[in-house]
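Chemist: Here's a structure for you.
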Amino acid sequence: MYDPTVARLTYRALLGRRRALILFVLPAVLVVISVAIRLLVGADDAVATEVLGGFALATMVPLIGVIAGTGAIGPEIDDGAIVYLLAKPLKRPTIILTKLTVAIAVTMVFSAVPMLVAGWILNGNSQQIAVAYTVAAVAASIAYSAVFLLLGTVSRHAVVLGLVYALIWEALFGSLVPGARTLSVQQWALALAEKTAPGANIASDVGLPTAVVLLAVVTVAGTWYAGRKLRTLTLAGEE
Amino acid sequence: MRPEPTTTPAVPAPRGEDASIHNIGYRHYDGPRLGRSYARRSLLTQSLRGAYGLGRSAKSKVLPFVLLAVMVLPAGILVAVAAVTPGAKALEVQYTEYALMMQPVIGLYLASQAPQSVSRDLRFRTVPLYFSRPIERVDYVAAKYAAMASALFLFVTAPLVVMYVGALLVELDFGDQTTGFLQGLAGTAVFSVLHAGIGLVVSALTPRRGFGVAAVIAVLTIPYFAVTTVQVIAEAQGSGGAVAWLGLASPGSLMDGFQSAFLGAPTGFPGGHEPGTAVAAVYVLVILGLIAACWFALMGRYRKAGL
């Protein structure tokens with residue numbers, strides 16, 4: 001269910017040339033901000049929660065998820081190169097699973113690792129805040145990758161749709177309409193963080209069991225449907 | 001099977017008579033040539049129409065117009081609220097505030113249209129074809145920049161017009177509304193030129209549309225959220241004076257500070273710290289500098305593009 005060649009090609013498509021630049025810049029911004037805040041303010045748990053939850057988990061993780069998830073398959077479908085991959089004797093679910101693995105790995109490396117580093121810089125992991133947000137970032141990476149990979153197979157405007165979900169649904173609607181928060185990867189991930197660091201002031205709107213079930217369902221269902229979608233893929237011409 | 005030649009081998013044609021190049025009637029073009037400014041104008045209109053999907057497939061019209069509808073809808077609601085509320089003196093949201101409030105939608109529009117304006121030319125290597133016409137690099141960049149800025153300006157102005165017309169129909173104070181509307185237009189003009197430049201530069205760097213979209217959004221939102229987070233922390237730590245300076249670091253907060261300093265807009269900065277006179281001057285310099293930097297970056301990008 002994992003093909004090294006497909007994985008190698010996907011890694012190259014995601015990290016080749018200038019594309020990796022944007023992926024390196026985002027975590028770098030987070031670490032720089034953390035260092036600056038630590039120097040200016042000193043270690044403070046409330047500040048750490050604000051930076052990691054309000055900035056890193058809310059904007060950085062979904063953005064990296066969009067780039068990695070849709071970037072793993074979108075451009076190939078877009079320029080028709082996917083035909084050569086589909087013509088090989090590989091099962092479609094194998095292709096999807098391999099690409100999902102790569103997308104998850106890339107998202108985790110560029111979001112969870114900087115999250116841990118930033119958390120450590122901000123307050124030296126007091127009250128397990130750094131670890132809690134890293135756990136949340138790991139869970140979110142998996143779910144975001146699956147969702148955005150599915151979007152990449154469904155629509156040619158996958159990046160825009162992914163951003164609409166990440167920015168408008170989670171950030172804008174989530175802050176206005178409480179119900180929208182129940183259906184948000186960010187809140188499910190926060191539920192895990194809440195459990196990991198019970199003392200810290202991390203709040204999620206979703207209970208832990210619900211969050212775990214929803215995360216698993218979204219990931220598995222998204223991957224399964226992406227595999228199905230790839231079997232009936234119609235190649236659209238250039239608009 | 002080819003039939004065997006039955007007759008004697010063909011006699012070579014006598015020289016000078018049949019072995020001439022036939023004149024099949026090609027003519028020179030003697031008519032008027034439309035020239036450089038016409039080509040530039042065509043590129044401008046084509047790019048501007050393209051930014052709303054006009055002249056492209058039906059599918060590519062969907063996204064810009066859906067976003068435009070989302071953009072105008074809250075303006076309609078504001079007018080409706082003012083109409084229903086007895087004795088309303090002003091609209092709930094000021095004209096200058098509106099663009100900042102709707103930044104995610106504007107960002108998405110820019111991110112979806114800037115790459116389609118420039119990335120596809122790079123990817124399908126049509127840039128050399130443009131330059132085989134009588135236009136120079138300056139014309140291409142100017143036309144694309146002007147088209148994107150105008151498209152953004154129209155996108156942001158549409159809801160302002162709805163608000164203005166609605167406000168006058170509800171018989172709010174004419175003078176107040178007109179001043180506010182003009183201030184809103186001025187802010188929108190600066191906003192459009194700045195954001196169009198940023199969007200075009202970022203998307204001209206990649207021939208991949210998808211990466212362009214994500215990169216534009218990242219450049220617009222990540223600094224904005226970073227700035228807001230740090231501003232909130234600075235305010236909470238009692239160093240409110242730093243808030244205005246921090247606002248210089250992202251396009252969104254730059255516009256917020258600029259409008260509150262010069263166009264009488266309420267600021268969205270935490271603690272309501274508006275930039276003072278000195279900081280306001282720095283805001284203007286940074287905005288002008290960014291626009292100039294975008295222009296020169298685009299000019300540099302097309303020095304060797306696609307060749």
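Chemist: Check A:L97 against each of (1) in contact with a Phe, Trp or Tyr (Cβ under 7 Å, 6 or more places away or on another chain); (2) surrounded by fewer than 21 Cβ atoms within 10 Å (Cβ to Cβ); (3) within 10 Å of another protein chain (Cβ to nearest Cβ) and name the one condition it does not meet.
Modeler: (3)
Chemist: List the number of the failed condition for A:I121; all other conditions in (1) hydrophobic (A, V, I, L, M, F, W, C); (2) in contact with a Lys or Arg (Cβ under 8 Å, 6 or more places away or on another chain); (3) more than 30 Å from A:G42 (Cβ to Cβ) hold.
Modeler: (3)
Chemist: Go through the residues of the range B:150-166 one by one and say whether even a single one is within 14 Å of chain A (Cβ to nearest Cβ), hydroxyl-bearing (S, T, Y) and part of a helix (DSSP H, G or I). Let's see the steps before the verdict.
Modeler: Quick first cut of the range B:150-166, residues within 14 Å of chain A (Cβ to nearest Cβ) only: none.
No, the conditions are met nowhere in the range B:150-166.
Chemist: If the requirement is being closer than 23 Å to A:L26 by Cβ and crowded, with 24+ Cβ neighbours inside 10 Å, which of these qualifies: B:V286, B:V232, B:V219, B:V227?
Modeler: After applying the criteria, what remains is B:V227.
Chemist: Go over the candidates B:G247, B:G197, B:G264, B:G240 one by one and state the one that is surrounded by fewer than 24 Cβ atoms within 10 Å (Cβ to Cβ), in contact with a His (Cβ under 9 Å, 6 or more places away or on another chain) and in contact (Cβ under 8 Å) with a residue 24 or more places away in the chain.
Modeler: Just a single option satisfies the conditions, and that option is B:G240.
Chemist: I'm told A:L149 meets every condition in (1) within 14 Å of chain B (Cβ to nearest Cβ); (2) over 13 Å from the mean Cα position of the chain (by Cα); (3) surrounded by 24 or more Cβ atoms within 10 Å (Cβ to Cβ); (4) of a type in the set (A, V, I, L, M, F, W, C) except one. Can you identify the failing condition by its number?
Modeler: Going through (1) within 14 Å of chain B (Cβ to nearest Cβ); (2) over 13 Å from the mean Cα position of the chain (by Cα); (3) surrounded by 24 or more Cβ atoms within 10 Å (Cβ to Cβ); (4) of a type in the set (A, V, I, L, M, F, W, C) one by one, A:L149 breaks only (2).
Chemist: A follow-up question, please. Report yes if some residue within the range A:73-87 is outside any helix (DSSP H, G or I), surrounded by fewer than 17 Cβ atoms within 10 Å (Cβ to Cβ) and away from every other protein chain (no Cβ under 14 Å); otherwise report no.
Modeler: yes
Chemist: Can you give me the number of residues within the range A:175-209 that are assigned to a helix (DSSP H, G or I) and not aromatic (F, W, Y)?
Modeler: Looking only at that region, the number is 20.
Chemist: Looking at this structure, is B:V190 in contact (Cβ under 8 Å) with a residue 40 or more places away in the chain, buried (at least 24 other Cβ atoms within 10 Å of the Cβ), part of a helix (DSSP H, G or I) and more than 14 Å from chain A (Cβ to nearest Cβ)?
Modeler: No.
Chemist: Answer yes if at least one residue in the range A:33-48 is closer than 24 Å to A:A166 by Cβ, without any contact (Cβ under 8 Å) to a residue 60 or more places away in the chain and exposed (fewer than 15 other Cβ atoms within 10 Å of the Cβ), and no otherwise.
Modeler: Checked the range A:33-48: no residue is closer than 24 Å to A:A166 by Cβ, without any contact (Cβ under 8 Å) to a residue 60 or more places away in the chain and exposed (fewer than 15 other Cβ atoms within 10 Å of the Cβ).
Chemist: Could you figure out which of (1) modelled with pLDDT of 90 or more; (2) closer than 18 Å to B:V202 by Cα isn't true of B:V118?
Modeler: (1) is the only condition that B:V118 fails.
Chemist: Sticking with this structure for a sec: Considering only the range B:202-242, state which residues are part of a loop (DSSP other than H, G, I, E, B) and either at the interface with another protein chain (Cβ under 9 Å from one of its Cβ atoms) or within 23 Å of the chain's Cα centre (by Cα) (or both).
Modeler: Matches in the range B:202-242: B:L205, B:T206, B:P207, B:R208, B:Q237, B:S239.
Chemist: Same structure again: Taking the options A:V109, A:V135, A:V159, name whichever one is away from every other protein chain (no Cβ under 12 Å), of a type in the set (A, V, I, L, M), part of a helix (DSSP H, G or I) and touching a residue at least 12 places away in the same chain (Cβ under 8 Å).
Modeler: A:V135
Chemist: Of all residues being of a type in the set (S, T, Y) and within 18 Å of A:G54 (Cα to Cα) in the range A:142-195, which is modelled with the highest pLDDT? Just the residue, please.
Modeler: Looking only at the range A:142-195, we keep the residues that are of a type in the set (S, T, Y), and these are A:144-145, A:153, A:155, A:165, A:175, A:182, A:184.
Okay, now just the ones that are also within 18 Å of A:G54 (Cα to Cα), so A:144, A:165, A:175, A:182, A:184.
Values: A:Y144: 93, A:Y165: 87, A:S175: 68, A:T182: 82, A:S184: 87.
Checked the range A:142-195; the qualifying residue modelled with the highest pLDDT is A:Y144.
Chemist: A further question follows. I want to confirm something. Restricting to the range B:267-281 and keeping residues that are small (G, A, S) and without any contact (Cβ under 8 Å) to a residue 12 or more places away in the chain, which single residue is farthest from B:W245 (Cα to Cα)?
Modeler: Among them, the one singled out is B:G272.
Chemist: Follow-up. Quickly run through the range A:179-199 and pick out the residues that are closer than 22 Å to A:G65 by Cα and basic (K, R).
Modeler: A:R181
The values are calculated or read from the model by the stated rules, or taken from the named source; none is laboratory data. Remember, predicted model here, so these are calculated numbers, not experimental data. For neighbour counting, all protein chains shown are included, and Cβ atoms are generated from backbone atoms with ideal geometry for every residue, glycine included.
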